[in-house]
Amino acid sequence: MTEDAPEKTADAPGQTPSLEVRDLTVRFAGLTALDAVSFTVAPGSLHAVIGPNGAGKSTCFNVLSGVYRASAGHVHFGPDELTGLPPHRIAALGVARTFQNIALPPYATVADSLMLGRHRLTKAGFLAAGLRLPSAAREAERHRERVQEIAEFTGLERYLDHPAAALPYGLQKLVELGRALCMEPRLLLLDEPVAGMTSDERRRTAAVIAGVREGLGISVVLVEHDMGVVMRLADEVTVLDFGRRIASGPPAEVQRDPEVVRAYLGDTNNSEDAEEGVTS
Ligand SMILES: Nc1ncnc2c1ncn2[C@@H]1O[C@H](COP(=O)(O)OP(=O)(O)OP(=O)(O)O)[C@@H](O)[C@H]1O
């Protein structure tokens, strides 16, 4: 695809395609952060990428979303090659992501923050919106309705008028998730969505993620340290260690894999994971 080719939009009809990651390699000045990693995310499934600290999970995410460039290998989303595309082109193909660290605008309400996710789908031009043409007003109303639906889906409806950045941490992370859903993605990349949450917040967020997979038919790639959440939600798990894929398969299988157990228990810098192992 050339830079001048028209951008596809995610709201085009059609099924969610599979995501194929093939021999993905990323090198940083002498360090191989990802070493020929391959996995497939089946349409509508939830695929977790796990591994001890420094295993290459964030690097993998950053390549999938276009933040980092692969040194070798390919990522295909259906017929489209994502490798080498900038983040906005990947987003235009229906791939949305959340970040480990919250990046909400400081004074925006929850409604405004969710509406930011609609930006890419807005068709009315600056002039039509500025002149308050009926077509622009109708479109704005449709976006507001969708924001309301997604707020209900994520349990945020009663906070719509609150400043997002003033909400408790767990709700702010849900706003991030809601904003990604407002992009109408076909593939959602969730980077540690329950990190730093209370157990109540974790339960609530895990239920929303389960709802995304079950109710919306969106494929999800999840990077998460909370093994309880991973084992409950994932259809398939890929385990990385020192940039290499050491195991892949259904959670129950991966959990028993001796190399996975060794990678976790042998990682003395990761006491929380070592204590929890891969069995919680
Ligand atoms: N931009 C970068 N420049 C140089 N090295 C990097 C860069 N990003 C990541 N790395 C290195 O690549 C390796 C993999 O890091 P990465 O952040 O992908 O691991 P991770 O599995 O996400 O770890 P964590 O669970 O701690 O977030 C690490 O050794 C890290 O220091």
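Checked against (1) part of a loop (DSSP other than H, G, I, E, B); (2) within 16 Å of the ligand (Cβ to nearest atom), THR83 meets all criteria but (2). Here THR32 meets the list (1) within 9 Å of the ligand (Cβ to nearest atom); (2) touching a helix residue (DSSP H, G or I) at 6+ places or on another chain (Cβ under 9 Å) almost entirely, failing just condition (2). Is it the case, given these coordinates, that VAL220 is outside the structural domain of TYR264 (by TED's automatic domain parsing), touching a Leu at 6+ places or on another chain (Cβ under 8 Å) and in contact (Cβ under 8 Å) with a residue 12 or more places away in the chain? In short, no. Sub-8 Å Cβ pairs linking a first residue in segment 47-69 that is in contact (Cβ under 8 Å) with a residue 60 or more places away in the chain to a second residue that is near the ligand (Cβ under 9 Å from one of its atoms) and of a type in the set (S, T, N, Q), at least 6 apart or interchain, are PRO52/ASN270; ASN53/ASN270; SER58/GLN100, ordered by first then second residue.
Among the listed residues SER113, SER71, identify the single one that is of a type in the set (S, T, N, Q), more than 23 Å from ASP226 (Cα to Cα) and in contact with a helix residue (DSSP H, G or I) (Cβ under 6 Å, 6 or more places away or on another chain). When all the criteria are applied, what remains is SER113. Would it be correct to say that ARG213 is assigned by TED's automatic domain parsing to the domain that holds SER65, modelled with pLDDT under 90 and of a type in the set (Lys, Arg)? So ARG213 passes the test. The numbered conditions (1) within 11 Å of the ligand (Cβ to nearest atom); (2) buried (at least 17 other Cβ atoms within 10 Å of the Cβ); (3) part of a loop (DSSP other than H, G, I, E, B) are all true for VAL67 except (2).
Within segment 231-252, the residues that satisfy the criterion of being touching a residue at least 60 places away in the same chain (Cβ under 8 Å) and within 16 Å of GLY44 (Cα to Cα) are LEU233, ALA234, ASP235, GLU236, VAL237. List the number of the failed condition for GLU253; all other conditions in (1) in a helix (DSSP H, G or I); (2) out of contact with any Asp or Glu (no Cβ under 7 Å at 6 or more places or on another chain); (3) more than 28 Å from ARG204 (Cα to Cα) hold. Of everything listed in (1) in a helix (DSSP H, G or I); (2) out of contact with any Asp or Glu (no Cβ under 7 Å at 6 or more places or on another chain); (3) more than 28 Å from ARG204 (Cα to Cα), GLU253 misses just condition (3). Checking each residue in segment 37-64 for being within 13 Å of the ligand (Cβ to nearest atom) and part of a strand (DSSP E or B) picks out VAL37, ALA48, VAL49, ILE50.
What do you reckon, is THR25 among the β-branched types (Val, Ile, Thr) and either within 11 Å of the ligand (Cβ to nearest atom) or not assigned by TED's automatic domain parsing to the domain that holds GLU224 (or both)? No.
The values are calculated or read from the model by the stated rules, or taken from the named source; none is laboratory data. This one's a predicted model, so the numbers in the text were calculated from it and none came from an experiment. Cβ: placed from backbone, ideal geometry, glycine included. Neighbour counts: every protein chain shown.
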